[in-house]
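S.K.: Below is one structure. I have some questions about it.
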Amino acid sequence: MIKSLHISNYALISNIDIDFTDGLNIITGETGAGKSIMLGALSLLLGGRADTKVIADTAKKSVIEACFALEKPADFADFFADNDLDMDGNLAILRRELSPNGRSRAFINDSPVNLTVLRELAMRLVDIHSQHQNLLLADPAYQLQIIDNLAGNNELLETYRKHYYDYQAVLKKYSDTRDMIRRGRDEADFISYQLNELNELNLQPDEQAALEQERDALSDVGRVRSLISEVLSPMDGDDNALDALDVAADSLRELADTIEDADALASRLDAALVELRDIAETVEGYGEEFIADPQRLDEVENRLGRIYSLELKHHVDDSDALIALRDKLAMQLDTIENGDRLLTTLESEARQAKKEALIIARRISEARQKCADAFAEELRAAAKPLGMNNLHCEIALNSGKLTPTGIDRVDFLFAFNKNQELMPVGQTASGGEISRIMLAVKAIVGEKMSLPSIIFDEIDTGVSGDVASRMGELMQMLSKKIQVITITHLPQVAAKGKSHFKVYKEDDEHTTTTHIRQLNSDERVRELALMLSGSSDNQAAIATAHTLFDK
């Protein structure tokens, strides 16, 4: 259950802390006091979309934090282990922070997590029923979700969807291949001509770059040999520099008796001569490699010309792209020539994939049908105390084609009066009737799925009097098994709460701020009197409030 909720710097809320109790928690307050703001903040913990517009003071971040008590911590051990999170005894602390720069951060037990992980845990801890969900009751997708939740189909549905999308992938491949073959047969001769042209060229990977490098070298032979000759000229022929330096070294040695370091200088010249002769031999070797070969240059330029021509023709940038095109054309031609055999194979794969998906879909359908019959009976029983003595309900499941949710189409059919024809809920129920039906649905789902907490946002809209009291009794009965937090404008419902919180606004010179506080017994009486008559001091309303508490 939710033990506590902290909200700071969020819309009209500066800073509030709420300590909820087990059982039925009531939240009341005037319209516009900020009850919906609290739910908006709490929805962020369920992975809701963050909007920096809700940050009141843009100089600091907004923080929403809820502490949940886990009734059965062992049920969550795998989740915490799989996400590398520490368990804090039987507590789970969820926090969402919104920064003015638009950054949103999520935490579980002070460890940062992504929104998917936060949402996964939050969905197992609390269910928020907002007013717009009453309209969802008429949505077949929502109806099917209710049945699947009650039937425990979630894991089976994941398996089914994998098989379904495998089937769709094979089906698409079959369809695309069939269309390609149909188009290809008209273009087979042209594809064959293009492929032969590329095959004749017999391109090799990276060939174009290698040929261009060779062409540049062959084209530059004359200039290269001329420069090599200029390098070798001072070191070759008569009276070359090397011979002159050799003579200089000998002369230095003859000066050894006269000049103290003449031998050392001669040795240095000898070392320089060794280096210079090595340079000369190396450069001379390069010269031997650069031999003019006009015939090879002509061959290279002709081949590059053919490559460039095909690149221009096929609008590609290099020879590797031509190789890729050649392989693609070969595959297309093979598909066309062997199309019937390939289509037969793909058709067989599609039939098998459909068969496997259908087997699981039928298992899901059987579970849904079994659950639907039992759920309709439970719904009738739960709705009867809410003033629906003549309610007739049928959950109709009709089989059809494979879809991402299976083979079933669901309709919640209701008749609220005697001799009334069963009709879809959206076509026959009033607002008050939908509210009561939705409360009964949530009570059944919440109990069956063992949700620790459920929050109702004015689910009692559209009802009054004795029916309102009975809706409060149903919430009270449900709260004995799971924690219930309900926002209400009805005193008949508010009187049933174990704890009662009042949301109110206060103004100062600059701002309007939302606050919340828990009411004591006397304050609860006055709050109910205010809800009954518009005045907390009305003695008749106070007496009625006492009567409501006594009931």
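The values are calculated or read from the model by the stated rules, or taken from the named source; none is laboratory data. Worth saying up front: this structure is predicted, and the values here are computed from it rather than measured. Ideal geometry is used to build each Cβ from the backbone, glycine not excepted, and the neighbour counts take in all protein chains shown.
S.K.: Report every pair of residues separated by at least 6 positions or lying on different chains whose Cβ atoms are under 7 Å apart, first residue within segment 521-542 and more than 21 Å from S499 (Cβ to Cβ), second not in a helix (DSSP H, G or I).
M.R.: Pairs found: A541/S535.
S.K.: Could you check L44 against (1) at pLDDT below 90; (2) at positive phi and say which number it fails?
M.R.: (2)
S.K.: What do you reckon, is L157 closer than 22 Å to N398 by Cβ, free of Cβ contacts under 8 Å to residues at least 40 places away in the same chain, out of contact with any Ser or Thr (no Cβ under 7 Å at 6 or more places or on another chain) and of a type in the set (A, V, I, L, M, F, W, C)? I'd like the intermediate steps shown before the answer.
M.R.: Numbers: closer than 22 Å to N398 by Cβ: yes; free of Cβ contacts under 8 Å to residues at least 40 places away in the same chain: no; out of contact with any Ser or Thr (no Cβ under 7 Å at 6 or more places or on another chain): yes; of a type in the set (A, V, I, L, M, F, W, C): yes.
It is false that L157 is closer than 22 Å to N398 by Cβ, free of Cβ contacts under 8 Å to residues at least 40 places away in the same chain, out of contact with any Ser or Thr (no Cβ under 7 Å at 6 or more places or on another chain) and of a type in the set (A, V, I, L, M, F, W, C).
S.K.: Answer yes or no as to whether Q168 is surrounded by 16 or more Cβ atoms within 10 Å (Cβ to Cβ), modelled with pLDDT under 90 and not in a loop (DSSP other than H, G, I, E, B). Steps first, please.
M.R.: Numbers: surrounded by 16 or more Cβ atoms within 10 Å (Cβ to Cβ): yes; modelled with pLDDT under 90: no; not in a loop (DSSP other than H, G, I, E, B): yes.
No.
S.K.: Continuing with this model, one more query. Hey, any hits in segment 89-105 for a residue that's surrounded by fewer than 18 Cβ atoms within 10 Å (Cβ to Cβ) and at positive phi?
M.R.: Yes, segment 89-105 contains at least one residue that is surrounded by fewer than 18 Cβ atoms within 10 Å (Cβ to Cβ) and at positive phi.
S.K.: Give the residue that is nearest to the chain's Cα centre (by Cα), with candidates limited to residues of segment 111-168 that are under 16 Å from L44 (Cβ atoms) and of a type in the set (S, T, N, Q).
M.R.: Going through the qualifying residues, I end up with T116.
S.K.: Still on this structure: So how many residues does segment 33-45 have that are within 34 Å of the chain's Cα centre (by Cα) and either part of a loop (DSSP other than H, G, I, E, B) or aliphatic (A, V, I, L, M) (or both)?
M.R.: Step one: of segment 33-45, the residues within 34 Å of the chain's Cα centre (by Cα) are 34-45.
Okay, now just the ones that are also either part of a loop (DSSP other than H, G, I, E, B) or aliphatic (A, V, I, L, M) (or both), so 34, 37-39, 41-42, 44-45.
Qualifying residue count, segment 33-45: 8.
S.K.: Here is a check on your reading of the model: is I7 assigned by TED's automatic domain parsing to the domain that holds I454, in a strand (DSSP E or B), buried (at least 16 other Cβ atoms within 10 Å of the Cβ) and touching a helix residue (DSSP H, G or I) at 6+ places or on another chain (Cβ under 7 Å)? Full working, then the answer.
M.R.: On the way: assigned by TED's automatic domain parsing to the domain that holds I454: yes; in a strand (DSSP E or B): yes; buried (at least 16 other Cβ atoms within 10 Å of the Cβ): yes; touching a helix residue (DSSP H, G or I) at 6+ places or on another chain (Cβ under 7 Å): yes.
Yes.
S.K.: Further, regarding this structure: Return yes when L201 is in the same structural domain as A330 (by TED's automatic domain parsing), at pLDDT 85 or above and either touching a helix residue (DSSP H, G or I) at 6+ places or on another chain (Cβ under 8 Å) or within 30 Å of D298 (Cβ to Cβ) (or both) and no when it is not.
M.R.: Working: in the same structural domain as A330 (by TED's automatic domain parsing): yes; at pLDDT 85 or above: yes; either touching a helix residue (DSSP H, G or I) at 6+ places or on another chain (Cβ under 8 Å) or within 30 Å of D298 (Cβ to Cβ) (or both): yes.
It is true that L201 is in the same structural domain as A330 (by TED's automatic domain parsing), at pLDDT 85 or above and either touching a helix residue (DSSP H, G or I) at 6+ places or on another chain (Cβ under 8 Å) or within 30 Å of D298 (Cβ to Cβ) (or both).
S.K.: Filter segment 404-428 for residues that are without any contact (Cβ under 8 Å) to a residue 40 or more places away in the chain and of a type in the set (A, V, I, L, M, F, W, C); which is surrounded by the most Cβ atoms within 10 Å (Cβ to Cβ)?
M.R.: F414
S.K.: What are the residue pairs meeting all of these: first residue in segment 16-40, first residue more than 19 Å from C67 (Cβ to Cβ), second residue assigned to a loop (DSSP other than H, G, I, E, B) and of a type in the set (S, T, Y), Cβ atoms under 8 Å, and 6 or more apart or on different chains?
M.R.: Every condition considered, the pairs that remain are L24/S479; I26/T488; T28/T488.
S.K.: Looking at the structure I just gave you, is D139 among the charged types (D, E, K, R), within 30 Å of R368 (Cα to Cα) and surrounded by fewer than 20 Cβ atoms within 10 Å (Cβ to Cβ)?
M.R.: Details: among the charged types (D, E, K, R): yes; within 30 Å of R368 (Cα to Cα): yes; surrounded by fewer than 20 Cβ atoms within 10 Å (Cβ to Cβ): yes.
Yes.
S.K.: Shifting gears a bit: For segment 116-146, which positions are touching a strand residue (DSSP E or B) at 6+ places or on another chain (Cβ under 6 Å) and more than 23 Å from Q483 (Cβ to Cβ)?
M.R.: P140, Q143, L144
S.K.: So which residues in segment 429-453 are at pLDDT below 80, part of a loop (DSSP other than H, G, I, E, B) and within 37 Å of the chain's Cα centre (by Cα), if there are any at all?
M.R.: Correct list: A429, M449, S450, L451.
S.K.: OK, next. Hey, I108 hits all of (1) within 15 Å of A41 (Cβ to Cβ); (2) in contact with a helix residue (DSSP H, G or I) (Cβ under 8 Å, 6 or more places away or on another chain) but one; which does it fall short on?
M.R.: (1)
S.K.: Taking the conditions exactly as written (acidic (D, E), assigned to a helix (DSSP H, G or I) and either modelled with pLDDT of 90 or more or assigned by TED's automatic domain parsing to the domain that holds D206 (or both)), does D320 satisfy them or not? Break it down stepwise before answering.
M.R.: Details: acidic (D, E): yes; assigned to a helix (DSSP H, G or I): yes; either modelled with pLDDT of 90 or more or assigned by TED's automatic domain parsing to the domain that holds D206 (or both): yes.
Answer is yes for this residue.
S.K.: Applying the selection to segment 480-507, what residues are in a loop (DSSP other than H, G, I, E, B), in contact with a Leu (Cβ under 7 Å, 6 or more places away or on another chain) and buried (at least 24 other Cβ atoms within 10 Å of the Cβ)?
M.R.: Here is the first cut: in segment 480-507, the residues in a loop (DSSP other than H, G, I, E, B) are 480-482, 488-490, 495-498.
Then keep just the ones that are in contact with a Leu (Cβ under 7 Å, 6 or more places away or on another chain); that gives 482, 495-498.
Result: A495, K496, G497.
S.K.: Can I ask one more? Can we say E158 is outside the structural domain of N25 (by TED's automatic domain parsing), modelled with pLDDT under 90, surrounded by fewer than 19 Cβ atoms within 10 Å (Cβ to Cβ) and not polar (S, T, N, Q)?
M.R.: no
S.K.: Just to check your reading of the model, which residue among L269, L297 is in the same structural domain as Q208 (by TED's automatic domain parsing) and at pLDDT 85 or above? Steps first, please.
M.R.: Working: L297 fails: at pLDDT 85 or above.
Testing whether each residue is in the same structural domain as Q208 (by TED's automatic domain parsing) and at pLDDT 85 or above leaves just L269.
S.K.: Now, a different point. Among the residues of segment 215-225, are any of a type outside the set (A, V, I, L, M, F, W, C), surrounded by 13 or more Cβ atoms within 10 Å (Cβ to Cβ) and more than 60 Å from the chain's Cα centre (by Cα)?
M.R.: yes
S.K.: Given the conditions (1) in contact (Cβ under 8 Å) with a residue 40 or more places away in the chain; (2) part of a helix (DSSP H, G or I), which single one is not true for F456?
M.R.: (2)
S.K.: If you don't mind, there's one more thing I want to ask. Test A59 against the criterion of being surrounded by fewer than 18 Cβ atoms within 10 Å (Cβ to Cβ), assigned by TED's automatic domain parsing to the domain that holds Q476 and at pLDDT below 90, and give yes or no. Steps first, please.
M.R.: Values: surrounded by fewer than 18 Cβ atoms within 10 Å (Cβ to Cβ): yes; assigned by TED's automatic domain parsing to the domain that holds Q476: yes; at pLDDT below 90: yes.
Yes.
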